[in-house]
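S.K.: Okay, handing you the structure first.
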Amino acid sequence: MDEELHERVREVIASVPAGTVATYGDVAALAGAPSPRMIGRILSEDGHDLPWHRILRANGTPAPHLVHRQLELLRAEGVLARGQKVDLRTYRWHPEP
DNA sequence: GTTGTGACTCCAT
DNA sequence: CATGGAGCCACAA
């Protein structure tokens, strides 16, 4: 049944609309993942098809080696970042009922 | 079986 | 803002 979790995570990430971002914790919670760490691992292996650039850390900063990449892609979608930090308060994705 | 590492988060100092 | 400890799961050696 862990495959479903895998699918769920992918689905949640794919559900994040352009111009918005989500945190690892949010994705983990929405997908029912056991821990936010799994999100990173899944992205690292199966994130090639997913908008992984819309996934940020809890403080609004992307992962260390992708920082530049993330911010550039996000900027292309209209998500402006201040230095390395994105305004989660403004761009954080809010799932609709 | 343990140990170390990782695209993590939270809280205390 | 920096640092450290605790919690968490998966995988390689």
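The values are calculated or read from the model by the stated rules, or taken from the named source; none is laboratory data. What you are looking at is a predicted structure, and each value in this text was computed from that prediction instead of being measured. In this analysis, Cβ positions are derived from the backbone assuming ideal geometry, glycine residues included, and neighbour counts consider all displayed protein chains. Each accessible area value is taken on the protein alone, full model and side chains, heavy atoms only, with ligands, DNA and RNA left out. Shrake-Rupley method; radii C 1.70, N 1.55, O 1.52, S 1.80 Å.
S.K.: How many residues does the stretch A:71-89 hold that are in contact with a strand residue (DSSP E or B) (Cβ under 8 Å, 6 or more places away or on another chain) and crowded, with 18+ Cβ neighbours inside 10 Å?
M.R.: Qualifying residue count, the stretch A:71-89: 5.
S.K.: If A:E7 passes every condition in (1) open to solvent by 40 Å² or more (accessible area, probe 1.4 Å); (2) within 9 Å of DNA strand B (Cβ to nearest atom); (3) not in a loop (DSSP other than H, G, I, E, B) but one, which one does it miss?
M.R.: (2)
S.K.: Kindly check whether there is at least one residue in the stretch A:78-89 that is touching an Asp or Glu at 6+ places or on another chain (Cβ under 9 Å) and in a loop (DSSP other than H, G, I, E, B). Give the steps one after another, and end with the answer.
M.R.: We begin by selecting, within the stretch A:78-89, every residue touching an Asp or Glu at 6+ places or on another chain (Cβ under 9 Å); these are A:79-81.
Filter once more, so that each one left must be in a loop (DSSP other than H, G, I, E, B): A:79-80.
Within the stretch A:78-89, one or more residues are touching an Asp or Glu at 6+ places or on another chain (Cβ under 9 Å) and in a loop (DSSP other than H, G, I, E, B).
S.K.: Taking the residues in the stretch A:42-63 that are open to solvent by 30 Å² or more (accessible area, probe 1.4 Å) and within 6 Å of DNA strand B (Cβ to nearest atom) as candidates, determine which candidate is nearest to the chain's Cα centre (by Cα).
M.R.: Among those residues, the one meeting the criterion is A:W52.
S.K.: Taking the stretch A:10-24, which residues are open to solvent by 40 Å² or more (accessible area, probe 1.4 Å) and over 21 Å from A:E72 (Cα atoms)? Spell out how you get there, then give the answer.
M.R.: Our first condition is that a residue be open to solvent by 40 Å² or more (accessible area, probe 1.4 Å); within the stretch A:10-24, this holds for A:10-11, A:14-15, A:17-18, A:24.
Selection gives A:R10, A:E11.
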